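Each remark here refers to the structure printed beneath this line.
The values are calculated or read from the model by the stated rules, or taken from the named source; none is laboratory data. This is a predicted model, so every value here is computed, not measured. Cβ placement follows ideal geometry from the backbone for every residue including glycine, while neighbour counts extend to all protein chains displayed.
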Amino acid sequence: MARMKFLCDAERCIECNGCVTACKQENEVPWGVNRRRVVTINDGIVGAEKSISVACMHCSDAPCMAVCPVDCFYRTDEGVVLHDKDLCIGCGYCFYACPFGAPQFPQAGAFGLRGKMDKCTFCAGGPEKDLSKEEFAKYGSNRLAQGKLPACAEMCSTKALLGGDGDVIADIYRERVLKRGKGSEVWGWGTAYGKPDQKAAPAGAKS
Amino acid sequence: MKPMVVCRRLFAVAMLLLPLAGTSVAQQQETQQQRAQSQPYNNAPTWRDVRSGKEEYTSIKGRETGVLVQTYGETWRQLKNSWITPIAGWLIAAVVLVIGAFYKWRGSIKVHGAPTGRLIERFTPFERYTHGVVAISFVILGVSGLIMMVGKYVLLPVIGYTLFAWLAQLSKHSHNFVGPVFIVSLLMFIVMFLKDNLPRLYDIKWFVKLGGMISGEHVPSGRFNAGEKVWFWSGVVVLSLLVSASGLVLLFPNFDQVRAVMIEANVVHMVSAGAVLAMSLGHMYLGTIGLDGAYEAMRTGYVDETWAKEHHEYWYNDVKSGKIKAGTAIGQPAAPQAQH
């Protein structure tokens, strides 16, 4: 079974925010929530500017899953980290723990009261029946169930953002690095997926 | 650790500190620019910059949206899951066991002399109501907090996901709404009982004998004994104020406080709440089943003269000599007549 991962090639990202728009369009995300964002380092400095598109990385040892007080997170067979909004109490712990700032909360009342957490689903929906109306209303599109890859990566104009089987996208990136001759840093992979020799978390396992 | 590794680590630390010594952000960006020319595709300086967790440019509006990666979340996770939650959880469980064993051994501490039937007012109605609000809100906060902290390990396997999530949601809401009630009543409580909890010389003697709790010996004390004073200053003043202040940081996430601040507040909150909960169990035990007459004093405000003499002799003497103005049940029909 494939292990789904995201990879953003900093040499290719042009900060068009197409992925952000594609995600919003595809999933009809709640108001005030951005499941994906593009961050530019050294903005406006010629030669030093680098852009990265970031969302939930679907970590192998996901911190959100570890700190959730109601254990509402689960990992699919494809390594996608999803959560159950019916269980979520909106405490904000996953948002504290996440390195990438993925979990977000639509405001549910006065004084910034948090609603149910919302985050990138790798376009894989949620615990509801695949492609059901309820699933779409709570989690957005389930493209994986349709045999498609995440909308953000599929929409990327420069193919900077890759989403899919970790082995396949790593191979694509390796070819690019070989062509360029230098620069093999894949941003965020160490944090999200651990060292290459580290054993992958068992698929579908709760931690 | 091998000396070589130590050297390498020291070198790494020195290299990390180097940019702090005098190089500005503009200079750093310049070096990154130069690096891009001299070593194309080697973005190591850029990723080091990202790793520092500083805010970069993004068109997405919001708090910390420009931070690509934050590393303290993982530290917090380790602290919370491997240290704070298990230690606080087991500490509270251990205190319950110790109190249970003590009760079995010693039983309820009885009044030795016969009750005189004459009652002294120990707490005014206003003091009692304030204590009641503090106590009830404290218990609600404690139970709901424990459900959210250790419920995942203790309750969830027993009652299942649906019911537990419902309970946790209820806990979160009660925690949020009862919290401010606790804080207001706590501040009133502290002001109200501050004077009588100031340390006195005779408290030292009480400490040495632990109030006669083990030996059963009689040790005189003021309106509050040294044990109550310790509970007041450490539990009520220091720990509860810490819990309250950190709780306010967590309760209002709408003031644009960043994750690092909320994480720190959460650590302070969990540690001080765990400590104050463990301590409170001792106070609750003595206020209910542990000490005969204490619950009635809290509930009705009146104690029998014998009880006052045996537990708070100096206070009793002051009341008797008229140094402290305290109402007596005589001539007060509203006060409860039957005691014991």
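Observations on the structure shown:
- When B:Ser240, B:Ser234 are checked against the criterion of being within 30 Å of A:Ala108 (Cβ to Cβ) and among the small types (Gly, Ala, Ser), B:Ser240 stands alone in meeting it.
- Selection within segment B:144-167: residues that are aliphatic (A, V, I, L, M) and buried (at least 17 other Cβ atoms within 10 Å of the Cβ). The member of this set that is farthest from the other protein chains (Cβ to nearest Cβ) is B:Leu146.
- All positions within segment A:167-190 that are crowded, with 21+ Cβ neighbours inside 10 Å and part of a helix (DSSP H, G or I): A:Ile169
- Count - residues of segment B:126-185 that are of a type in the set (Ser, Thr, Tyr) and outside any helix (DSSP H, G or I): 0
- Residues of segment B:70-104 satisfying the condition of being part of a loop (DSSP other than H, G, I, E, B) and either surrounded by fewer than 17 Cβ atoms within 10 Å (Cβ to Cβ) or at pLDDT 95 or above (or both): B:Thr71
- Residues being more than 18 Å from the chain's Cα centre (by Cα) and of a type in the set (Gly, Ala, Ser) - total across segment A:106-146: 7
- Number of the exception - B:Val236 against (1) in a loop (DSSP other than H, G, I, E, B); (2) surrounded by 19 or more Cβ atoms within 10 Å (Cβ to Cβ): (1)
- Residues of segment A:21-48 satisfying the condition of being crowded, with 20+ Cβ neighbours inside 10 Å and over 25 Å from A:Phe105 (Cα atoms): A:Ile41, A:Asn42, A:Ala48
- Residues located in segment A:125-148, provided they are part of a helix (DSSP H, G or I) and surrounded by fewer than 16 Cβ atoms within 10 Å (Cβ to Cβ): A:Lys133, A:Glu134, A:Ala137, A:Ala145, A:Gln146
- Among the residues making up segment A:149-165, those that are buried (at least 21 other Cβ atoms within 10 Å of the Cβ) and part of a helix (DSSP H, G or I) are A:Ala151, A:Cys152, A:Ala153.
- Search result, residues across segment A:22-48 that are within 11 Å of another protein chain (Cβ to nearest Cβ) and among the polar types (S, T, N, Q): A:Asn34, A:Thr40, A:Asn42
- Whichever residue in segment A:86-124 is in contact (Cβ under 8 Å) with a residue 12 or more places away in the chain, of a type in the set (Gly, Ala, Ser) and more than 9 Å from chain B (Cβ to nearest Cβ) and, among such residues, is surrounded by the fewest Cβ atoms within 10 Å (Cβ to Cβ): A:Ala108
- Summed over segment A:69-83, the residues that are without any contact (Cβ under 8 Å) to a residue 60 or more places away in the chain and either within 8 Å of chain B (Cβ to nearest Cβ) or hydroxyl-bearing (Ser, Thr, Tyr) (or both) give a count of 3.
Residue by residue, here is whether (1) surrounded by 14 or more Cβ atoms within 10 Å (Cβ to Cβ); (2) within 23 Å of A:Met117 (Cα to Cα); (3) of a type in the set (Val, Ile, Thr) holds:
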{"position": "B:Ile136", "(1), (2), (3)": "yes, no, yes"}
{"position": "B:Gly142", "(1), (2), (3)": "yes, no, no"}
{"position": "B:Gln169", "(1), (2), (3)": "yes, yes, no"}
{"position": "B:Leu201", "(1), (2), (3)": "no, no, no"}
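- Of all the listed residues (B:Gln39, B:Gln78), the sole one being closer than 30 Å to A:Asp9 by Cα and within 10 Å of chain A (Cβ to nearest Cβ) is B:Gln39.
Table: residues versus (1) among the hydroxyl-bearing types (Ser, Thr, Tyr); (2) crowded, with 16+ Cβ neighbours inside 10 Å; (3) more than 14 Å from every other protein chain (Cβ to nearest Cβ); (4) within 25 Å of B:Thr130 (Cα to Cα).
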{"residue": "B:Ser246", "(1), (2), (3), (4)": "yes, yes, no, yes"}
{"residue": "B:Leu251", "(1), (2), (3), (4)": "no, yes, no, yes"}
{"residue": "B:Ala265", "(1), (2), (3), (4)": "no, yes, no, no"}
{"residue": "B:Ser272", "(1), (2), (3), (4)": "yes, yes, yes, yes"}
{"residue": "B:Trp307", "(1), (2), (3), (4)": "no, yes, yes, yes"}
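- Residue within segment B:197-210 that is in contact (Cβ under 8 Å) with a residue 60 or more places away in the chain and of a type outside the set (S, T, N, Q) present: yes
- Matching residues, segment B:47-69, being among the hydroxyl-bearing types (Ser, Thr, Tyr) and either in a helix (DSSP H, G or I) or within 7 Å of another protein chain (Cβ to nearest Cβ) (or both): B:Tyr57, B:Thr58, B:Ser59, B:Thr65
- Whether a residue is more than 7 Å from chain B (Cβ to nearest Cβ), touching a Ser or Thr at 6+ places or on another chain (Cβ under 7 Å) and touching a residue at least 60 places away in the same chain (Cβ under 8 Å) was assessed, and A:Arg3 does not pass this test.
- Count - residues of segment A:176-198 that are on the phi > 0 side of the Ramachandran plot and either more than 10 Å from chain B (Cβ to nearest Cβ) or modelled with pLDDT of 85 or more (or both): 2
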